[in-house]
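Structure first, then comments.
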Amino acid sequence: MKMTKKIMLFLSLCSVLLLLSACNGAEKNSVKGAEKSDEDESYKFGFILKTINSEYWKVLMAGANDAAEELGVEVSFLGPQEETQFEQQVKMIEDQIATGVDALVVAASQPDAMISVLNTAHKKDISVVIADTDMDFEDKVTYIGTKNYDAGKLGGEYLSEFLSGGDKVAIIRGPFGSETHEERTKGFQDALKDKNIEFIVQDAESDRVKAVNVMENILTSNPDVKAVFATADEMALGAYTTLENKKATGIHLIGFDGTPDGLQAVLEGKMLANVSQSPYQIGYQSVYSAYKARKGEEVEKRIDSGTSVITKDNVEEQIDMLNDYLKK
């Protein structure tokens, strides 16, 4: 009887030990299962903008947010106060790398200044998507944006019929050294090369307030200017403020970007036309491309987000589409 009790006690102890062993095994499996995988945990993306202070980037962020919601990924948006502060962009990219993001989407103000830090990201297996402004970074997943030279040329071709040979035309552009604004300016000028136009080119750093002052200076030195082309809507709207104050609204004005305020200016007759990008699509496609890259899917190396000239004839349709994007 005593022997039987001892055997039963031994078997009970064995059962307990086996149960504890099973529990420990389950605990380890649980921890392993909690490790990040492509299937059970969302990705984290860092989206570095040129600035966070203009309508254009707000529309772009709306597109990126919609894609993130559809795909179940987390996107953090960062950008300096002004487009000229590219050093801050570099620091923001460094910070995102340190947090361990899965992908970076970068709209660089000064592309050459970003190459080194993006090489670091690539070495850490972070996918890099380039948005809005292309750069010579060979390991990028893709570039998504406007063909800026062609878009600038569209604006010049439209304005051509309103000009005569030898007229003066002002170009208020974004920062010198920015490939985006270089291409828009060059395309616009090339479209008018047969008219012997005298161009007055001034930098307003993509800032509305600075464009007010730049336009004032241009009118003081060149009161006979016939038209103004701004390479971003923020500057076009600043230029219009001066034209209105100086009672010079007869001067033709063309903006660039297709922001809500820019389109409203076309609707109200303040702008002759607007070269409209699709920032919503740039944001949407950027997040989608980063996601596909993390999944190991193929992504086209160049995605054109599209451009069109918006005039009084088609502006209402464009405003409706933009409001739908912004869910107004």
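The values are calculated or read from the model by the stated rules, or taken from the named source; none is laboratory data. Predicted, not measured: the structure shown is a model, and the values here were computed from it. All Cβ positions, even for glycine, are placed from backbone atoms using ideal geometry, and neighbour counts span all protein chains on display.
List of remarks:
- Across region 47-71, the qualifying residues are those that are within 12 Å of the chain's Cα centre (by Cα) and outside any helix (DSSP H, G or I), and the one among them that is farthest from V101 (Cα to Cα) is S54.
- Region 262-293, subset of a type in the set (G, A, S) and assigned to a helix (DSSP H, G or I), residue nearest to the chain's Cα centre (by Cα): G283
- Pairs where the first residue, in region 91-108, is over 20 Å from L60 (Cα atoms) and the second is of a type in the set (S, T, N, Q) and not in a helix (DSSP H, G or I), C-beta under 7 Å, 6+ apart: D102/S127
- For E69, the stated conditions do not hold, so it cannot be described as farther than 24 Å from L322 by Cα and without any contact (Cβ under 8 Å) to a residue 60 or more places away in the chain.
- Residue match in region 246-261 (condition: assigned to a strand (DSSP E or B), out of contact with any Phe, Trp or Tyr (no Cβ under 6 Å at 6 or more places or on another chain), at negative phi and touching a residue at least 40 places away in the same chain (Cβ under 8 Å)): yes
- Conditions (1) in contact with a strand residue (DSSP E or B) (Cβ under 8 Å, 6 or more places away or on another chain); (2) closer than 18 Å to S54 by Cα; number of the one not met by I251: (2)
- Of all the residues in region 135-154, those that are within 22 Å of D190 (Cβ to Cβ) and out of contact with any Asp or Glu (no Cβ under 7 Å at 6 or more places or on another chain) number 4.
- Among residues of region 49-64 that are in contact (Cβ under 8 Å) with a residue 12 or more places away in the chain, those with a beta-carbon under 6 Å from a residue that is surrounded by fewer than 23 Cβ atoms within 10 Å (Cβ to Cβ) and of a type in the set (G, A, S) at least six positions away or on a different chain give the pairs L49/G79; T51/G79; I52/G79.
- Filtering region 173-191 to residues that are surrounded by 16 or more Cβ atoms within 10 Å (Cβ to Cβ) and not in a helix (DSSP H, G or I) leaves R173, G174, P175, S178.
- Yes/no for A236 being farther than 30 Å from V141 by Cβ, touching a strand residue (DSSP E or B) at 6+ places or on another chain (Cβ under 9 Å) and surrounded by 24 or more Cβ atoms within 10 Å (Cβ to Cβ): yes
- Every pair of residues 6+ apart whose Cβ atoms lie under 6 Å, when the first sits in region 203-230 and is in a helix (DSSP H, G or I) while the second is surrounded by fewer than 19 Cβ atoms within 10 Å (Cβ to Cβ) and of a type in the set (A, V, I, L, M): I218/I200
- Scanning region 232-245 for residues that are among the aliphatic types (A, V, I, L, M), under 16 Å from G152 (Cα atoms) and either over 28 Å from the mean Cα position of the chain (by Cα) or assigned to a helix (DSSP H, G or I) (or both) returns M235, A236.
- Boolean, D194 is exposed (fewer than 14 other Cβ atoms within 10 Å of the Cβ) and either modelled with pLDDT under 95 or in a helix (DSSP H, G or I) (or both): yes
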